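K.L.:
Structure incoming, see below.
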Amino acid sequence: MEAVENTGEPVPSPTAATVFHFYSRLPPELKLKVWTAFYEDPLPGAHRFRLSILSSNYTRLAVRPDDDQKRDASAWRERRAIARVDKYAFDALLKLKRSATILYKDIAHNHPIRVWENGMTAMVNGKTDLLTFRCYYGYTKASVAWLSVRAHSELFANITQIAVDENNLGGGNGKNRPFECLCLARHAATRKFCLRTLCEFIRFFKDLKVFYRAFSLDDLGLANSLDLSTIPPQKLPRLYTAKGGAKQVRLDVFRRLQEIAQEKGLKQFHDRRGTYCEVQYKDALHFFGPKIGKQTEEISKTWTAVRANRDWANIEFKALVWANLQGVTVSGEEQPLRTAKPWY
């Protein structure tokens, strides 16, 4: 939300609802109510953090911001930046702190230390926000096996929705393999990614309700049988990119997925760079072929099989498609939806 003063009448546009032109004319008590409402019921945000193994305790993970404050796209940073509008916005952020989920980066010495950078605490809404992680561990099988489920169930308490990006599963040739296969079967000894190890990671989140497998729009191939007439959005304003061509087609597909998500009540999560949009099996199959549905179903089946004889939670497994919207404009608008400029 942008609070600006304008003595003229606002010009109707697809983004007009996000601009409050007469904010400066409000009395202080209403300004505080505006910001309190904003922080109590914000758009579902997407946050990314880095996970690495503590050098002082190999059984525990350290949680840190994904990048420095100028480049991290996490929604918690955007909310902090918005709090700089005026004292009323900042006071409302302080009220949020009382109910927010605060991630910790060190609980080894029984005195939790908040994830912070230059005095900024990473506060998220554990009930509505999405958390994703960039994993910097898994150099060896031992480093994965040593991690303590009990310690991390408290570390990640109150988080109900997480996602793992497809390109962060560690199945390639990279050094980090956070989900290295720990199975005893000989045929699995050299596998760099194991669904059962991923299930062990999911157990760290004792309050988890939904696990998403996230796919980047740019990495997905469109289904060969896709009818081009079903691609353009039917109700929402069209998204445009200066690159055109295949990129434009993919944006049309994503905008159509957003329409479907609105119609079916599916989730969307936003950060500074783009948007995660939930997609169901039928629609994923229609636009992208069987890949998304098949890989999401694999995790669900593995979790069901592993938890059969254990006291594990009943978790939903779903899929997300992420689109980079930096520089992308809405039909009729010149201002990009997302920009690459620093926070401060």
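The values are calculated or read from the model by the stated rules, or taken from the named source; none is laboratory data. All values derive from a computational prediction rather than experimental measurement. Backbone-built Cβ (ideal geometry, glycine too); neighbour counts: all protein chains shown.
K.L.:
Consider the stretch 233-259. How many of its residues are without any contact (Cβ under 8 Å) to a residue 60 or more places away in the chain, farther than 17 Å from R338 by Cα and surrounded by 20 or more Cβ atoms within 10 Å (Cβ to Cβ)?
P.N.:
2
K.L.:
Within the stretch 92-105, restricting attention to residues that are surrounded by fewer than 18 Cβ atoms within 10 Å (Cβ to Cβ) and not in a loop (DSSP other than H, G, I, E, B), which residue is modelled with the lowest pLDDT?
P.N.:
This residue is Y104.
K.L.:
In the list I299, I315, which residue meets the criterion of being in contact with a Ser or Thr (Cβ under 9 Å, 6 or more places away or on another chain) and either polar (S, T, N, Q) or farther than 23 Å from G245 by Cβ (or both)?
P.N.:
The unique qualifying residue is I315.
K.L.:
For residues that are exposed (fewer than 15 other Cβ atoms within 10 Å of the Cβ) and among the β-branched types (V, I, T), scanning just the stretch 122-162, find the one that is farthest from A92 (Cα to Cα).
P.N.:
Result: T140.
K.L.:
Any residue in the stretch 199-221 that is at pLDDT below 90 and under 26 Å from A313 (Cβ atoms)?
P.N.:
yes
K.L.:
Follow-up question, since we're still on this one. Suppose the filter is of a type in the set (V, I, T) and loosely packed, with under 13 Cβ neighbours inside 10 Å; does T230 pass it?
P.N.:
Numbers: of a type in the set (V, I, T): yes; loosely packed, with under 13 Cβ neighbours inside 10 Å: yes.
For T230, the condition - of a type in the set (V, I, T) and loosely packed, with under 13 Cβ neighbours inside 10 Å - is met.
K.L.:
Quick check, is D311 out of contact with any strand residue (DSSP E or B) (no Cβ under 9 Å at 6 or more places or on another chain), acidic (D, E) and buried (at least 16 other Cβ atoms within 10 Å of the Cβ)? Lay out the reasoning, then the answer.
P.N.:
Working: out of contact with any strand residue (DSSP E or B) (no Cβ under 9 Å at 6 or more places or on another chain): yes; acidic (D, E): yes; buried (at least 16 other Cβ atoms within 10 Å of the Cβ): no.
No: the conditions fail for D311.
K.L.:
Ok, one more. It is to be established whether one or more residues within the stretch 221-234 are under 17 Å from the mean Cα position of the chain (by Cα), within 20 Å of N167 (Cβ to Cβ) and not assigned by TED's automatic domain parsing to the domain that holds L169.
P.N.:
no
K.L.:
Then there is this: Which of the residues belonging to the stretch 209-250 are touching a helix residue (DSSP H, G or I) at 6+ places or on another chain (Cβ under 9 Å), among the polar types (S, T, N, Q) and assigned to a loop (DSSP other than H, G, I, E, B)?
P.N.:
S225, Q234, T241
K.L.:
Among the listed residues D72, D67, identify the single one that is at pLDDT below 85 and in the same structural domain as F179 (by TED's automatic domain parsing).
P.N.:
From the options D72, D67, the qualifying one is D67.
Table: residues versus (1) under 23 Å from the mean Cα position of the chain (by Cα); (2) modelled with pLDDT of 80 or more; (3) assigned to a strand (DSSP E or B); (4) of a type in the set (A, V, I, L, M).
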| site | (1), (2), (3), (4) |
| --- | --- |
| K127 | yes, yes, no, no |
| R134 | yes, yes, yes, no |
| S143 | no, no, no, no |
| R150 | no, yes, no, no |
| I159 | yes, yes, no, yes |
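K.L.:
Also: Does the stretch 175-184 contain any residue that is in a loop (DSSP other than H, G, I, E, B), at pLDDT below 80 and in contact with a Pro (Cβ under 7 Å, 6 or more places away or on another chain)?
P.N.:
Among the residues of the stretch 175-184, not one is in a loop (DSSP other than H, G, I, E, B), at pLDDT below 80 and in contact with a Pro (Cβ under 7 Å, 6 or more places away or on another chain), which makes the answer no.
K.L.:
I've got another one for you. Would it be correct to say that L51 is in the same structural domain as M120 (by TED's automatic domain parsing), under 19 Å from V115 (Cα atoms) and outside any helix (DSSP H, G or I)?
P.N.:
Answer is yes for this residue.
K.L.:
In addition: From L320, L266, grab the single residue that is in a loop (DSSP other than H, G, I, E, B), crowded, with 17+ Cβ neighbours inside 10 Å and modelled with pLDDT of 90 or more.
P.N.:
Criteria check complete, one pass: L266.
K.L.:
Loosely packed, with under 15 Cβ neighbours inside 10 Å, out of contact with any strand residue (DSSP E or B) (no Cβ under 8 Å at 6 or more places or on another chain) and of a type in the set (S, T, N, Q) - does that describe any residue in the stretch 55-65?
P.N.:
Scanning the stretch 55-65 turns up at least one residue that is loosely packed, with under 15 Cβ neighbours inside 10 Å, out of contact with any strand residue (DSSP E or B) (no Cβ under 8 Å at 6 or more places or on another chain) and of a type in the set (S, T, N, Q).
K.L.:
So which residues in the stretch 67-88 are closer than 25 Å to A323 by Cα, surrounded by fewer than 18 Cβ atoms within 10 Å (Cβ to Cβ) and not hydrophobic (A, V, I, L, M, F, W, C), if there are any at all?
P.N.:
Listed by number, the residues that qualify are D67, D68, Q69, K70, R71.
K.L.:
Provide a single number: the residues in the stretch 106-119 that are at pLDDT 60 or above and among the polar types (S, T, N, Q).
P.N.:
Qualifying residue count for the region: 1.
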